[in-house]
Amino acid sequence: MAVAHKGSISMGLVLIPIELYRTTVDNDIHFNQLEKESKARIKYKKYCSHCNKEVSSSDIIKGYEYEKDKYVVMTEDDLEKVKTKKDKTIHIIQFANMSEVDNIYYDTNYYAIPGAGAEKAYELLRQSLLSQEKIAIAQTVIGNNQKLIVLYPTKEGLIAKTLFYQDEIAAIPKTIVELQVDENELNMAKLLIENMTKPFDPSAFKDEYQERQIKTLMTKSQGNDIVETQD
């Protein structure tokens, strides 16, 4: 698995070299667009709506639409001036209780793996956080973007979880009215939840639609007919 980010955790005078690896893999089925008759790949061309012609990459500049049909042009020099410095160090800003970060803020997860010789400092941080049920709030630069990160301790290691910033969280589109519920109905709902409660086993769940897609692709690739799914 390729390293997604390489840097160090900075905590006071302590520096812990680490590598971040993605915690998930993309198993989705991806289709290409083909021309109906020839089965050739469809390719997209960059086209100027004013000049009515195809343009090359060298003819294209970046513009931000601040009003309808009005743009601010940004050159590469402009973008370079405001670019975040490529500081790959994960700077710990503070610590917090695990329960204080709402799940809506979590974005992408990475395995944080210690570099050679950093195992003891890494383990001290992990065990200290885990025993106190705390997380580390940190910042770093991934690519060109400054990221807010939580270092989350588990029994196996540290998970680096990128967070959305406050202004990226959309407001609830509709007000949810809190209604008074009948106590008997509430007790029935609680009983139903209790009866359906059991330990979570992620291996018990499969993407059945994806499995059917793979089976269909294999069937078609061998020249056989597809049998419709029976629910």
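The values are calculated or read from the model by the stated rules, or taken from the named source; none is laboratory data. Keep in mind that this is a model prediction, so the values were computed, not measured. Here Cβ is always computed from backbone atoms with ideal geometry, including for glycine, and neighbour counts include all displayed protein chains. For the accessible areas, the whole protein counts, side chains as well, though only heavy atoms, and no ligand, DNA or RNA atoms are used. Shrake-Rupley method; radii C 1.70, N 1.55, O 1.52, S 1.80 Å.
The rows are residues; the columns are (1) at pLDDT below 95; (2) closer than 30 Å to Y47 by Cα.
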site: K68; (1), (2): yes, yes
site: D77; (1), (2): yes, yes
site: T84; (1), (2): yes, no
site: Y110; (1), (2): no, no
site: G115; (1), (2): yes, no
site: L130; (1), (2): no, no
site: A136; (1), (2): no, no
Practice problem: For S8, indicate whether it is hydroxyl-bearing (S, T, Y) and modelled with pLDDT of 90 or more. | Solution: yes
Quiz item: Looking at region 158-204, which of its residues are free of Cβ contacts under 8 Å to residues at least 40 places away in the same chain, within 30 Å of L20 (Cα to Cα) and of a type outside the set (S, T, N, Q)?
Solution: Y165, D167, E168, A170, P199, F200, D201, P202, A204
Exercise. State all residues of region 117-157 that are touching a residue at least 60 places away in the same chain (Cβ under 8 Å) and open to solvent by 60 Å² or more (accessible area, probe 1.4 Å); if no residue qualifies, say none.
Key: G117, N144, N145, Q146
Exercise. Sort out which residues of region 158-195 are assigned to a helix (DSSP H, G or I) and polar (S, T, N, Q), and write them in order of number.
Key: Q166, N184, N187, N195
Quiz item: How many residues, within region 138-159, are among the basic types (K, R) and either under 15 Å from the mean Cα position of the chain (by Cα) or within 14 Å of I9 (Cα to Cα) (or both)?
Solution: 1
Quiz item: In region 58-96, what residues are loosely packed, with under 10 Cβ neighbours inside 10 Å, of a type in the set (S, T, Y) and not in a strand (DSSP E or B)?
Solution: S58
